[in-house]
Amino acid sequence: MTAPSTKSRKWIVPTITVIVLLVVWELVVRLGLVPNFLLPSPTQTLVALVQDAPELAAHAGTTLLEAVLGLTLGVAVGFVFAVLMDRFETLYLALNPIITVSQTIPTVAIAPLLVLWFGYDLVPKVVLIVLTTFFPVTVSLVSGFRSVDPDTIALMRTMKASELQIFTRVKLPAAMGSFFSGLRISATYAIVGAVIAEWLGGFSGLGVYMTRVRKSFSYDRMFAVIYLISVLSLVLMKCIDLLEYACMPWKRAERKQS
Amino acid sequence: MTRALEAEGLVLSWDGGETIVARDISLCVDAGETVCLVGRSGCGKTTILHALSGLERPVSGTVRVAGEDVTGVPGHVSYMLQKDLLLPHLRIVDNACLPLRLSGVPKQEARDRARELMGRFGLEGTEELWPSQLSGGMRQRAAFLRTYLMGNDVVLLDEPFSALDALTRTDLRDWYVQMAAQLGLASVVITHDVDEAVEMASRVYVLGGKPSEVVEEVVVGDGARDHILELLA
């Protein structure tokens, strides 16, 4: 029998790990090592997920809308900040500490204030997501812009390139790798941010659903929604992987070469 | 006679005038001719090329291209820096035609013009490859083509063969000398290899001292190699 290739091992090893963990979890609950009312088994969670599927789908739609909207605006804000900070050194010095400090404020602390200021609709959720997602994008873009070899900029100047041409043809493509790394982090923040914002007030969304089932001590449904949040985050990250794959064809060639 | 490139009395500094790195640098090169600058590491050879290219303004002195004063103004000479500096996100043909694209030539026309020259630069079949798919020698050829497509009659090369293995280096050097002569390019080449300098150039400017200055302008002929080595010792 031949050993599986490295490529298939990348799938087989984590898949087996997850299956083993789920089996152990199932056994721990079924054997009564942990009280069932505290920890539902994976199969109970799956049953709850199927039973509540229509309701969960509606709530997931709301959360996903907030997350995608907030993430899109967060990326736009992050991009503008990064471009300005790269272009104007004074602005970089002025904004860098403020942006960093803004990330030390806990999301759960600022969310009630946003609800107070903007009400229970879409706006406070989107604002919270923008606040949490723009930072990784800004930081990754600024670092990408600054990673450009100064000799490349010098070369562009000998070709009479304008500042805009240097930006679009050198800096922006050079920053794409780190931008997608930042975007991947922002995507996970977007879903979590939406759920946290919904906890504190709203009419629909996975956070609202979570608050309701927690109050009724339906921990199987609580775990079902946790599964769903993980799946949504993974789907969003996969979408970003596909976008990166499509936007950076030269990286595929580099990977093949290495 | 108007020289293709002429520098007179250049005084150069690293930090805006505080530390003088080279002084009284005067040199010239004619169309179809190659001259070399040789000197020890750190003597300011690259700073001199930066000044000739207009990337750095000298403390004093002038740089003229075809008689026109272009001191401190980039874009009048084609400059190939030490590394090939191919943009990793552009295919070879797009890297080569970058100067044309920057000057506003439409994409298809620029690509066609680069494609026409690919064979002459030994790059046939590599048009649609990415830089990471090419060997060091081929990347350097692509950088030469990009430099040529900058469209200037004067070319500055900063140690263009230093990153290559001995065989590729000799091949590429011979190829460049032949091609530059055919195209009538005036080339200023930095090298720290004296053998390379006497192979390529008709005249060699030997730099020495601190701050650097031109110790002697050696016309290449019998015994030039040993004489340059003595000057550098």
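The values are calculated or read from the model by the stated rules, or taken from the named source; none is laboratory data. Predicted model only: the values in this text are computed from it and were never measured. Methodologically, a virtual Cβ is constructed for each residue, glycine included, from the backbone with ideal geometry; neighbour enumeration extends over all protein chains shown. For the accessible areas, the whole protein counts, side chains as well, though only heavy atoms, and no ligand, DNA or RNA atoms are used. Shrake-Rupley method; radii C 1.70, N 1.55, O 1.52, S 1.80 Å.
Here are the numbers:
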| quantity | calculated |
| --- | --- |
| Nonlocal amide H pairs with B:Ser60, under 5 Å, H built at 1.01 Å | B:Val11 |
| Amide H partners (placed H, <5 Å) of B:Glu216, local residues excluded | B:Val206 |
| Calculated [θ] (222 nm, deg cm²/dmol) that DSSP helices of n ≥ 4 give over chain B, each run adding -39,500 (n - 2.57) | -10000 deg cm²/dmol |
| Estimated vicinal HN-Hα couplings, Hz - the stretch A:95-102 in sequence order (Karplus 6.51, -1.76, 1.60; Gly, Pro = x) | 8, 3, x, 5, 4, 5, 4, 4 |
| Å² per residue, accessible surface of the stretch B:129-233 at 1.4 Å | 41 |
| Gaussian network model of chain A, Cα within-10 Å springs - most flexible of A:Lys171, A:Lys215, A:Lys125 | A:Lys215 |
| Dipole magnitude of the stretch B:60-155, debye to nearest 20 (Cβ charges: Lys/Arg +1, Asp/Glu -1, about Cα centre) | 200 |
| Options A:Thr45, A:Ala109, A:Ala82, ranked by Cα towards positive dipole end of the stretch A:44-252, top entry (Cβ charges) | A:Ala82 |
| Three semi-axes of the equivalent ellipsoid, chain A, Cα gyration tensor, whole Å, largest first | 40, 27, 14 |
| Rounded to the nearest 20 debye, dipole of the stretch B:16-66 from Cβ charges on Lys, Arg, Asp, Glu | 100 |
| Label-point separation, B:Ala166 to B:Glu116 (7 Å along Cα→Cβ), nm | 4.1 |
| Length-normalised contact order for chain B - Cα pairs under 8 Å, 6+ apart - percent | 28 |
| Percentage, to the nearest whole number, of Cα pairs in the protein assembly as shown over 44 Å apart | 38 |
| Residue with peak Gaussian network fluctuation, chain A [Cα springs, cutoff 10 Å], from A:Met222, A:Met85, A:Met159 | A:Met159 |
| Contact order normalised by residue count of chain A, Cα under 8 Å, 6+ apart, percent | 25 |
| Residues whose placed amide H lies under 5 Å from that of B:Ala31, excluding near-sequence neighbours | B:Ala4 |
| Whole-Hz ³J(HN,Hα) from phi, Karplus 6.51 cos²θ - 1.76 cosθ + 1.60, for the stretch B:96-112, glycine and proline x | 5, 8, 3, x, 5, 4, 5, 8, x, 5, x, 3, 5, 5, 5, 5, 4 |
| Dipole in debye (nearest 20) - the stretch A:1-149, about Cα centre, beta carbon charges: Lys, Arg +1; Asp, Glu -1 | 460 |
| When each of A:Lys160/A:Lys251; A:Lys171/A:Lys251; B:Lys83/B:Lys107; A:Lys7/A:Lys256; A:Lys215/A:Lys238 is checked by Cα-Cα distance, pairs over 23 Å | A:Lys160/A:Lys251; B:Lys83/B:Lys107; A:Lys215/A:Lys238 |
| Per residue solvent-accessible surface (Å²) - chain A, probe of 1.4 Å | 56 |
| For the stretch A:1-64 versus the stretch B:1-41, the gap between their alpha-carbon centres in whole angstrom | 71 |
| Chain pair B, A: total accessible area buried, heavy atoms, 1.4 Å probe, Å² | 2000 |
| Rg to Rh, two decimals, where chain B supplies the alpha carbon set and Rh follows Kirkwood | 0.97 |
| Alpha-carbon centroid distance for the pair the stretch B:106-122 / the stretch A:181-225, whole angstrom | 56 |
| From phi via Karplus (6.51, -1.76, 1.60), per-residue ³J(HN,Hα) for the stretch A:217-223 in Hz, x at Gly/Pro | 6, 8, 5, 5, 6, 4, 5 |
| Charge dipole of chain B about the Cα centre (unit charges at C-beta), most positive-ward option of B:His89, B:Thr168, B:Leu185 | B:His89 |
| Full-stretch length increase - A:Leu242, A:Gln103 - with 0.36 nm per residue and alpha-carbon distance subtracted | 47.2 nm |
